[in-house]
1. Among DSSP beta bridges lying fully in the chain, give the percent that are antiparallel, nearest 5.
2. Mind giving me the nanometre distance, one decimal, between the label points for residue 103 and residue 188, set 7 Å out from Cα along Cα→Cβ?
3. Under the 0.36 nm per residue contour assumption, what length would be gained going from the current alpha-carbon distance of residue 94 and residue 24 to full extension?
4. Shape verdict for segment 195-278, please, from the Cα gyration tensor: rounded (a/c under 1.5), prolate (a/b greater than b/c) or oblate.
5. In whole angstrom, note down how far apart the Cα centers of segment 37-68 and segment 177-238 are.
6. Please enumerate, by chain and number, the aspartates and glutamates with C-alpha under 17 Å from the C-alpha of residue 30, excluding those fewer than 8 residues away in the same chain.
7. Once you sort the root eigenvalues of the Cα gyration tensor of segment 1-141 as a ≥ b ≥ c, which label holds: rounded (a/c under 1.5), prolate (a/b larger than b/c) or oblate (the other case)?
8. Longer than 32 Å from Cα to Cα, which of 226/270; 270/297; 153/297; 197/227; 13/164 are they? Say none if no pair is.
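No value in this document is a laboratory result; all are computed from the given coordinates. What you see is a predicted model, and the numbers here were worked out from it, not measured in a lab. Every residue, glycine as well, gets a Cβ built from its backbone with ideal geometry; the counts of neighbours run over all protein chains shown.
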Amino acid sequence: MNRLEECTGKVNKIRAMLSETGYEGIIIRKQANFSWITAGGRAFIGLASETACAAMVVTAGGVYLAGNNIEVPRLLTEELPQGFVEPVILPWRDDGTMDKTLQQRFGKLSSDTEQDEWFRENRVILQESEAERYAALGRTAAEALEEICASLKPGMTELEGAGKISERLWAEGIEPITLLIAADRRSERVRHYVPTKEKINDGVICSICARSGGLVASATRITAFKKDFARHYQTLLRVEQAAFEATVPGAILGDVFRAIMDAYTENGLKGEWENHHQGGLCGYLAREIRVEPECPKTVRTGQVFAWNPSAAGAKCEDTVFLGEGGLRPLTEVSQQWPAVTINGLRRPLILRL
């Protein structure tokens, strides 16, 4: 399936939804949905933007890219498959009247905000072409993270490490939308390791959410310079394994979460799950659904997950795809990084230098 075919298939799904809801069209403004319908188009200006800098409009008779004279020409030539859309261009000074203009031209329009649940349900089941792009992203992101983690030295700061990882990812065309680093005892005090000037001496935990073509892969790797750094890591691998074993088609995500809770208790870390979320369903957002004990959603083939068990001073995390043959890592461990095979899956170990 080529890119235009993927886009057309998604448009047909939207049109079927519109015929059921009675709308004449829909305005798509969310960044995640823009990338989904365009099979990887980027419509951000700032990395943290949740709203695209132009809108996709789908009606029964056409597909349109609506935006201002700054953004539409660039998006047409750099971000969208040729022949997919018809442009609707307004002067930048008329951005505030865009919705009114679209309603006048196309009639009764819904929005992707109004249809948020429909879009999420369709985003999280990957087509084969999406799964292939995700796998390429995961491999490259993991290799980049591991390469930099192996190069870190005592005396460097967390901020220096973050800069090196960011540079390496950008060099591959990957956007580091989240980059967390914790050195030494700071890794025991906090769970979201926003980088600081703290110096690395004993070891360092590095976590990324890396985006390409709208898809987001998450991974964590640990480098240790002293023997006792990240002492809970092996235990967390057992918690992660319980999550993997429970992530099967037809399972309820709340039940997967309770399996994680039980695994913490069984491995001597009772209640540790309360100190940080455990991850969940991924896709065009770092976490499409952050799973909680009562989450009613069903695990389905074609979905992507990143579970991230953590304890004071340690964390494990990778992105996995649930295919017909079961789970397989997308951020797979490279041959240059130490690993252990657990139930057929290669899992990263701590790199001890």
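1. Working: 49 of 59 bridges.
In the chain, approximately 85 percent of DSSP beta bridges are antiparallel ones.
2. Once both label points are built, they end up 5.9 nm from each other.
3. On the way: separation 70, 0.36 × 70 = 25.20 nm, distance 2.33 nm.
Residue separation times 0.36 nm, minus the Cα-Cα distance, leaves 22.9 nm.
4. On the way: a/c = 2.45, a/b = 1.31, b/c = 1.88.
Taking the square roots of the gyration eigenvalues as a ≥ b ≥ c, segment 195-278 is oblate.
5. With segment 37-68 and segment 177-238 each reduced to a Cα centre, they are spaced 34 Å.
6. Of all the aspartates and glutamates, those that pass the test against residue 30 - Cα under 17 Å, at least 8 places apart if same chain - are 50, 71, 79, 95, 99, 112, 114, 116, 117, 121, 288.
7. Values: a/c = 1.72, a/b = 1.24, b/c = 1.38.
Oblate shape, in that a/c is at least 1.5 and b/c is the bigger or equal ratio.
8. On the way: 226/270 26 Å; 270/297 25 Å; 153/297 43 Å; 197/227 23 Å; 13/164 41 Å.
Over 32 Å apart, Cα to Cα: 153/297; 13/164.
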